[in-house]
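Student: The structure's right below; bear with me while I get my questions together.
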Amino acid sequence: MHDLSDQHHEQFLRLFAESEAALRTFVRSLLPLRGDAAETMQDVAVVLWQKFAEFDATRDFRRWAFGVARVEALKFRRDKLRDRHVFDDQLVDKIAEAAAAAGSRHEAQREALEACLQKLPGSQRALVLAAYAKGTRMDELAAQRGQTAMSLYKLLQRIRQALLECVQRTIAQEELT
Amino acid sequence: MKNHWHEQIQRHLNGQSSAEEAAAMHQALSDDAELRALYVDYANLDVALGAAADKTIFGGDELDRTVNFPPARSWRSPQSWRWLAAAAACATAIAFFVLSKPRHSAPARPDIAATIASTQSAIARLSVEPVSSLPWWTSPTASLLNPPVLRQWRQAEPVPKPQTPTPQPS
């Protein structure tokens, strides 16, 4: 038999799992490096759980979670990114709105990505996945491939653009059918 | 959407924007909702590619060949059980050694003293002579049987004399 704290925990996990991908995208859009976003996302998850008792169940969890994520991302930027070029609060609000509005579109894009990755030439697929593997350093990856970091970044930019255009085309075709 | 912004957005998400590029993009994102949508789409793609890379690593796809990840060991392999059994045996032996070690500094407990006293008394009542013929200080067991109290109590007790048959007059 589950007691109240178990039910509370399960409810949180269910709501968090539903919103996690959107939260990651939002946090990533506010922080200029993937590692920073991942670190902040850990803090967001902890704070959400700590404050979940205060959450009003009649409200939209995702909106509440976005508010918490916004505060945590701004805190990270204030503490660790003082010398970086970051967005002001008004633009952060606009990006938060854009990320929240794109929830279902982003979900469809994530689902379409698998097929688009398979459409890439094998070497490009292996490269982009290696570049996104945890702990990969771009300069080391470029050296392994015998190219400069700059040329590797350029190649990855083209691959990412091709992937984004592929997922957008895939979703448009699905909407037509 | 111009290719220029595709590149600028990706540069920003990689932390590569110069101050001028960041300022230009800040302005463009503030003014253009379509550009903001593209920006969050790239952020979403970035997160999704990270998840795909994780999935590929755990699934053992072609990435293993690219970055040479060592194969994951199975937890249930026989070797791991052998190591586990050896570790458990060592832990048991250490625990036995520690627990069975005598504690010299521990004070005598009252219940032990009472047990010794009652044992002495019972032996005395039974009039059992010590089995050991050694002096009491040479043996801890013998010392229990020869305390002064026991001796005094036995002296007070009348010792029955053996009855000898009276000679019958012939």
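Student: Suppose we keep only residues that are touching a Ser or Thr at 6+ places or on another chain (Cβ under 9 Å) and loosely packed, with under 12 Cβ neighbours inside 10 Å within region A:74-120. Which one would you say is modelled with the lowest pLDDT?
Tutor: Looking at the filtered set, the residue picked out is A:88.
Student: For region B:3-20, enumerate the residues that are in a helix (DSSP H, G or I) and under 22 Å from residue A:159 (Cα atoms).
Tutor: From region B:3-20, those in a helix (DSSP H, G or I) are B:3-13, B:19-20; that's our starting set.
Within region B:3-20, B:3, B:4, B:5, B:6, B:7, B:8, B:9, B:10, B:11, B:12, B:13 meet the criteria.
Student: State all residues of region B:16-55 that are at pLDDT 95 or above, more than 7 Å from chain A (Cβ to nearest Cβ) and crowded, with 20+ Cβ neighbours inside 10 Å; if no residue qualifies, say none.
Tutor: none
Student: Please work out if residue A:24 is charged (D, E, K, R), within 12 Å of the chain's Cα centre (by Cα), at pLDDT 90 or above and farther than 15 Å from residue A:87 by Cβ. Before the answer, list the steps.
Tutor: Values: charged (D, E, K, R): yes; within 12 Å of the chain's Cα centre (by Cα): yes; at pLDDT 90 or above: yes; farther than 15 Å from residue A:87 by Cβ: yes.
In short, yes.
Student: Within the set of pairs 6+ apart or on separate chains, which have a first residue in region A:142-163 that is touching a residue at least 40 places away in the same chain (Cβ under 8 Å), a second that is surrounded by 14 or more Cβ atoms within 10 Å (Cβ to Cβ), and C-beta atoms under 8 Å apart?
Tutor: Pairs that qualify, where the first residue is touching a residue at least 40 places away in the same chain (Cβ under 8 Å) and the partner is surrounded by 14 or more Cβ atoms within 10 Å (Cβ to Cβ), are A:162/A:120; A:163/A:113; A:163/A:116; A:163/A:117; A:163/A:120; A:163/A:128; A:163/B:45; A:163/B:49.
Student: Can you tell me how many residues within region A:110-147 are among the hydrophobic types (A, V, I, L, M, F, W, C), more than 18 Å from residue B:10 (Cβ to Cβ) and more than 8 Å from chain B (Cβ to nearest Cβ)?
Tutor: The total comes to 3.
Student: Follow-up. For the structure I just gave you, tell me whether residue A:115 is over 23 Å from residue B:29 (Cα atoms) and assigned to a helix (DSSP H, G or I).
Tutor: Against the criterion (over 23 Å from residue B:29 (Cα atoms) and assigned to a helix (DSSP H, G or I)), residue A:115 qualifies.
Student: To continue, here is another question. Out of the helices (runs of 4 or more DSSP H) lying entirely within region A:1-104, which hold 1 or more residues that are charged (D, E, K, R) and away from chain B (no Cβ under 13 Å)? Walk me through it before giving the result.
Tutor: Values: elements: A:4-30, A:34-51, A:61-80, A:89-101.
Those helices (runs of 4 or more DSSP H) span A:4-30, A:34-51, A:61-80.
Student: Kindly indicate the residue of region A:133-177 that is more than 21 Å from the chain's Cα centre (by Cα) and outside any helix (DSSP H, G or I) and also surrounded by the fewest Cβ atoms within 10 Å (Cβ to Cβ) among those meeting that condition.
Tutor: Step by step, filter region A:133-177, then rank; the result is A:177.
Student: Would you say residue A:48 is within 27 Å of residue B:16 (Cβ to Cβ), crowded, with 20+ Cβ neighbours inside 10 Å and in contact with a helix residue (DSSP H, G or I) (Cβ under 7 Å, 6 or more places away or on another chain)?
Tutor: On the way: within 27 Å of residue B:16 (Cβ to Cβ): no; crowded, with 20+ Cβ neighbours inside 10 Å: yes; in contact with a helix residue (DSSP H, G or I) (Cβ under 7 Å, 6 or more places away or on another chain): yes.
Considered against the rule, which asks whether it is within 27 Å of residue B:16 (Cβ to Cβ), crowded, with 20+ Cβ neighbours inside 10 Å and in contact with a helix residue (DSSP H, G or I) (Cβ under 7 Å, 6 or more places away or on another chain), residue A:48 comes out as no.
Student: Among the listed residues A:29, A:19, which satisfies the condition of being without any contact (Cβ under 8 Å) to a residue 60 or more places away in the chain and hydroxyl-bearing (Ser, Thr, Tyr)? It would help to see each step written out before you state the result.
Tutor: Details: A:29 fails: without any contact (Cβ under 8 Å) to a residue 60 or more places away in the chain.
It is A:19.
The values are calculated or read from the model by the stated rules, or taken from the named source; none is laboratory data. Since the structure is predicted, the reported quantities are computational estimates derived from the model, not experimental observations. Neighbour counts run over all protein chains shown; Cβ positions are idealised from the backbone, glycine included.
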